[in-house]
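The values are calculated or read from the model by the stated rules, or taken from the named source; none is laboratory data. These numbers come from a predicted model, not from an experiment. We place every Cβ from the backbone using ideal geometry, glycine too, and count neighbours over all the protein chains shown.
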Amino acid sequence: MPDAGSADETIRAAFRDQAKSCEKLGSPFMARLCKLAAERLNEKNTVGRRVLRWPGDPSANGDALALRLFGALHALVLLHRDDELEGCYPPNDADDATLWNACEGALARHADFILERLRFAPQTNEVRRSGALLPGFLTIANLFGRGLVLSEIGASAGLNLHWDRYRYVLPNGDCGDEAADVVITPEWHGDAPKLRSLEIVSRAGCDLNPLNPADEDDRLRLLSYIWADQLDRLDRTRKALDIAASAGRLVERADAIDWLKARLARSFPGAVHVIYHSIAWQYLPAAAQRQGEALISAAGAVATHAAPIARLQMEGDSQTPGAALSLQIWPGGEKHLIGRADFHGRWVSWRGWPASG
């Protein structure tokens, strides 16, 4: 068992690593908070002791401890419960000493609130990922010329289940709902897929802990994990939550493999059944990933031209930059890397589906 000193340094290193990720993803304020915590967090209060004695894996790939802590502080700001802290958060500005004093004060004043929120893993539902997934959906529709049945794994509040209800600005024109309040304009590299109208036959999703877009507590939870200096993300997510709330709850509380098994047992003649996920598959245990791959392959093996299946993924693959966009279709099981995208959907580098013959 590591001694207290090595455990403390592991936790501080996790905050420093999170700072680097925040810098790369365009959040200097969050990077600054993480650096300050790595340097100055102490055990003077119960929250500091809890964080610095964290029993699990504090890293971003484990318990995401830094995101838990600063998600709790951001929730206090969004609730207007701490004037001193709010005065240091964007769009306001403060020097490092003033900012960290406000954080330390909030840790002491709102310990029970923060400790409760530390118990739960962060949940996000990045709307701009729809802009990275959209060219994949367009490719599927162009290949098959029919409507889509959507099945999203790890759907959270279902914001990316409603991707067709947003407007997109692509190099070759606009796509989606022209009247939508949510407008997504990814920085684009490469050619763009042929635009066409898209028919959604039906849509459904699953999550171990789905968030209700109409529930104020669930909305707060989702918004609190958005980095406070990324005001455009906050605005876009609020508007997307309103769209999802108006459609009713579509995300089922379910284990991904159990849900996938039930969804793949159904056939959808005349439509393409699209299984998709974005930065979600990596969070499944390795055994569940293997089981899921086997389920999808087995369903693909019996897919027909009347009821084809596609799998669209946006997932990290240990390559850079960003995440891999891949598409596989059945019958046949042909699979290609169709592009790469920023983890938050800020840019898309598009390769496309290879032309046949």
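Of note:
- Residue tally, condition in contact (Cβ under 8 Å) with a residue 60 or more places away in the chain and in a helix (DSSP H, G or I), over region 163-176: 1
- Of all residues in region 260-288 being within 18 Å of the chain's Cα centre (by Cα) and of a type in the set (S, T, N, Q), the one that is nearest to A121 (Cα to Cα): Q282
- Annotation: of all residues in region 247-259 being over 18 Å from the mean Cα position of the chain (by Cα) and assigned to a helix (DSSP H, G or I), the one that is surrounded by the fewest Cβ atoms within 10 Å (Cβ to Cβ) is D258.
- Answer residue from region 324-338, given it is in contact with a Gly (Cβ under 7 Å, 6 or more places away or on another chain) and in contact (Cβ under 8 Å) with a residue 60 or more places away in the chain and is nearest to S297 (Cα to Cα) among those: L327
- When residues of region 15-49 are limited to those that are touching a Phe, Trp or Tyr at 6+ places or on another chain (Cβ under 7 Å) and not in a helix (DSSP H, G or I), the one surrounded by the fewest Cβ atoms within 10 Å (Cβ to Cβ): L25
- Residue pairs whose Cβ atoms lie under 7 Å apart, separated by 6 or more positions or on different chains, with the first residue in region 67-88 and free of Cβ contacts under 8 Å to residues at least 60 places away in the same chain and the second outside any helix (DSSP H, G or I) and not charged (D, E, K, R), are R68/P122; L76/H110; R81/H110; D82/H110; E86/H80; C88/A94.
- Residue that is assigned to a loop (DSSP other than H, G, I, E, B) and either modelled with pLDDT of 95 or more or β-branched (V, I, T) (or both), where the choices are A141, A240, A214, A132: A214
- Taken together, the criteria exclude A179 from residues that are part of a loop (DSSP other than H, G, I, E, B) and crowded, with 22+ Cβ neighbours inside 10 Å.
- For A192, the conditions (1) at pLDDT 95 or above; (2) within 24 Å of P135 (Cα to Cα); (3) crowded, with 16+ Cβ neighbours inside 10 Å all hold with the exception of (1).
- Being among the aliphatic types (A, V, I, L, M) and crowded, with 21+ Cβ neighbours inside 10 Å holds for only one residue in A262, A244, A214, and it is A244.
- Test set (1) crowded, with 17+ Cβ neighbours inside 10 Å; (2) of a type outside the set (A, V, I, L, M); (3) free of Cβ contacts under 8 Å to residues at least 12 places away in the same chain - E116 fails condition number: (1)
- Enumerated strands (runs of 3 or more DSSP E) restricted to region 264-357, each holding at least 1 residues that are of a type in the set (S, T, Y), closer than 29 Å to V183 by Cα and at pLDDT 95 or above: 271-278, 323-330, 347-350
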